[in-house]
1. Any idea which residue in the stretch 57-112 is nearest to Ser170 (Cα to Cα), counting only those that are charged (D, E, K, R) and not in a helix (DSSP H, G or I)?
2. Filter the stretch 129-149 down to the residues that are crowded, with 16+ Cβ neighbours inside 10 Å and part of a loop (DSSP other than H, G, I, E, B), then identify the one that is modelled with the lowest pLDDT.
3. Going by the structure shown, is Val143 assigned by TED's automatic domain parsing to the domain that holds Gly172 and farther than 16 Å from Gly183 by Cβ?
4. Spot the failing condition for Val123; the list is (1) β-branched (Val, Ile, Thr); (2) out of contact with any Leu (no Cβ under 8 Å at 6 or more places or on another chain); (3) loosely packed, with under 15 Cβ neighbours inside 10 Å, and only one is missed.
5. Evaluate the stretch 42-49: report whether one residue or more is over 25 Å from Leu168 (Cβ atoms), surrounded by 20 or more Cβ atoms within 10 Å (Cβ to Cβ) and of a type in the set (Gly, Ala, Ser).
6. List every residue pair whose Cβ atoms lie under 6 Å apart, where the two residues are 6 or more positions apart in sequence or sit on different chains, the first residue falls within the stretch 116-144 and is under 16 Å from Val169 (Cβ atoms), and the second residue, located anywhere, is assigned to a loop (DSSP other than H, G, I, E, B) and of a type outside the set (Gly, Ala, Ser).
7. Checking Leu84 against (1) surrounded by 18 or more Cβ atoms within 10 Å (Cβ to Cβ); (2) without any contact (Cβ under 8 Å) to a residue 40 or more places away in the chain; (3) closer than 19 Å to Val23 by Cβ: exactly one of these is not met. Which one?
8. Considering only the stretch 155-184, state which residues are modelled with pLDDT of 95 or more, surrounded by fewer than 24 Cβ atoms within 10 Å (Cβ to Cβ) and aliphatic (A, V, I, L, M).
Amino acid sequence: MADALPVQVMDFAFVQSTSVALVIVFALVGAAWGLAADRIAARWPAHADGSVRGPGWRTAVAVAMGGVAAAALPVRFTEAGHLLLFGGYFAALTLLLATDLDQRLLPDVITLPLIPVTLVIAVAGLNPLVAGHLLSAGLAAVVIPAILFGVSIPFGAGALGLGDVKLLVSVGLLTGLLNAGAGVLVGAMVGGVTIFALLALRRISLRTYVPFGPFLILGAYWAVLVVM
C-alpha cells in the first residue's frame, strides 16, 4: 500500500498535466480559427461594394469566443469522438459568429447542412447530449425556433432573422429541449445586458439594428458546455 500511493499520485499528476495541455491546445486552435473566420467573413459573402474590412473589434470577439469555447470542450468531453463532433460544430458556430458580426448574416450554406447532420448524429446515437432523448431533441428543434420567431414578429422585420431560426433547429437537435432552452435564455440575457450597456454609453441608439445571432451562438456554446 505504501508503494502504491506514489504511483497513484504520479498517475493523477500525469492526467492533470495532459488535461491542461489539451485545454491549451484547444484554446490556441479555437483562437486561430476565430481569427481565420473573421478574415473569411471580411471577404465572404462578398460585400456589395467589393470592400474588405480590416481587423478590429469584431476580430477580437471572434478570436476570444472561438478560443474560450474550444478550450472548454476537453473539460466537458473526454472521448475523442465527442471532441471531434462538438469541435466541428463549434467551428461552424465561430464562422457564423464572424459573418453575422460583419454582415448581419448567417449563411444558408452553413446553417442548412447543420440540420441534417445533427439529426443523423442524434438518430445514430452518437450524440451523448440527446442519447435516449430523441423526443426532447425533436421538440427543441421545432418548438424553440417557432416560439422565438412568433415572439419577434411584433418587433418588426429583422428582430429575428430566418438564419437565426435555421440555426436554432440544429442547436435543438444537438442539445435537446432543456439545454437548448437554457442556452437561448442565456443568450437573451447577455444580449439584453450588452444592448443596455451600449445604450447607456451612447454607442448605439434605439433605432440601431443589433444582430441577435451572436447572442444565440453564445447560447449555443452554453447549451453544449453546461450540464443541465
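The values are calculated or read from the model by the stated rules, or taken from the named source; none is laboratory data. Given the structure is predicted, the values throughout are model-derived calculations rather than measurements. Please note: Cβ atoms are built from the backbone with ideal geometry, for glycine as well, and neighbour counts cover all protein chains shown.
1. Once the filter is applied, the top-ranked residue is Arg104.
2. Here the answer is His133.
3. In short, no.
4. (2)
5. Yes; the residues of the stretch 42-49 include at least one that is over 25 Å from Leu168 (Cβ atoms), surrounded by 20 or more Cβ atoms within 10 Å (Cβ to Cβ) and of a type in the set (Gly, Ala, Ser).
6. Ile121/Asn127; Ala122/Val130; Ala137/Val130
7. Leu84 satisfies all of (1) surrounded by 18 or more Cβ atoms within 10 Å (Cβ to Cβ); (2) without any contact (Cβ under 8 Å) to a residue 40 or more places away in the chain; (3) closer than 19 Å to Val23 by Cβ except (1).
8. Selection gives Val169, Leu177, Leu178, Ala182.
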